[in-house]
Amino acid sequence: DVKVTQSSRYLVKRTGEKVFLECVQDMDHENMFWYRQDPGLGLRLIYFSYDVKMKEKGDIPEGYSVSREKKERFSLILESASTNQTSMYLCASSLFQGAEQFFGPGTRLTVL
Amino acid sequence: AQSVTQLGSHVSVSEGALVLLRCNYSSSVPPYLFWYVQYPNQGLQLLLKYTSAATLVKGINGFEAEFKKSETSFHLTKPSAHMSDAAEYFCAVSYSVDKLVFGAGTILRVKS
């Protein structure tokens, strides 16, 4: 069974902290994605990666960075967390262009 | 910019009634269209996808969607709602490099 896992389901951090969200997929997928989900706004793409060490900005990259050192792992980094980054973060992966994306269970991040 | 519009942020139906969730996309025909479902505290799960092979697409759990180019629509239907269908539903389109653009989501409530 295909699987995308995220390191934490719930996370509480303080303003100014550096935050790491980890995502691992076991499907040998080329493409990986980070979204944030907010009520009434749907999912918005933060960053995506189509290969190891490659990354592309999505629609809302400000305040975030990413790292992809291995094919199966894609990390989202909040360099200095702010309260407006309180959200649900979803990781996804896909095999090729146009293929369905498989999602992890999400990390609900609260920044106090 | 490409966009996806889901009409109705909340839809309420009685158990056994028809489910109709509306989705319209902007301008030129996108290569791929998707419907995803999100149950509480879970990630997104693919319901169905359109890839130009057939305009009527059947998905899991009895859902289906019809692609109508003239109306730029991809509405999701199910003949008879079940209590377990209560969830949030997202329409998404893929335009390039496997990026998905999501609608804002529709929360489906099923009344007994």
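Structure summary
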quantity: Matching residues in region B:66-105 - criterion: being at the interface with chain A (Cβ under 10 Å from one of its Cβ atoms) and assigned to a strand (DSSP E or B); calculated: B:88, B:90, B:91, B:92, B:94, B:100, B:101, B:102
quantity: Any hit, region A:39-51, residues being under 19 Å from residue B:44 (Cα atoms), in contact (Cβ under 8 Å) with a residue 40 or more places away in the chain, part of a strand (DSSP E or B) and within 11 Å of chain B (Cβ to nearest Cβ); calculated: yes
quantity: Count - residues of region B:72-96 that are surrounded by fewer than 18 Cβ atoms within 10 Å (Cβ to Cβ), hydrophobic (A, V, I, L, M, F, W, C) and either within 25 Å of residue A:31 (Cβ to Cβ) or free of Cβ contacts under 8 Å to residues at least 60 places away in the same chain (or both); calculated: 1
quantity: Matching residues, region A:61-87, being part of a strand (DSSP E or B), more than 10 Å from the chain's Cα centre (by Cα) and either touching a residue at least 40 places away in the same chain (Cβ under 8 Å) or on the phi > 0 side of the Ramachandran plot (or both); calculated: A:73, A:78, A:87
quantity: Qualifying residue in region A:100-107 (condition: acidic (Asp, Glu) and more than 9 Å from chain B (Cβ to nearest Cβ)); calculated: no
quantity: Among the residues listed as B:68, B:99, B:49, the single one being without any contact (Cβ under 8 Å) to a residue 24 or more places away in the chain, charged (D, E, K, R) and loosely packed, with under 15 Cβ neighbours inside 10 Å; calculated: B:68
quantity: Qualifying residue in region B:10-31 (condition: among the charged types (D, E, K, R) and more than 22 Å from residue A:99 (Cβ to Cβ)); calculated: yes
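Read the figures in this text as sums done on the coordinates, not as results from a lab. Because the structure is a prediction, the values reported are computed rather than measured. Quick reminder, even Gly has a Cβ in these numbers, built from the backbone with ideal geometry, and neighbours come from all protein chains shown.
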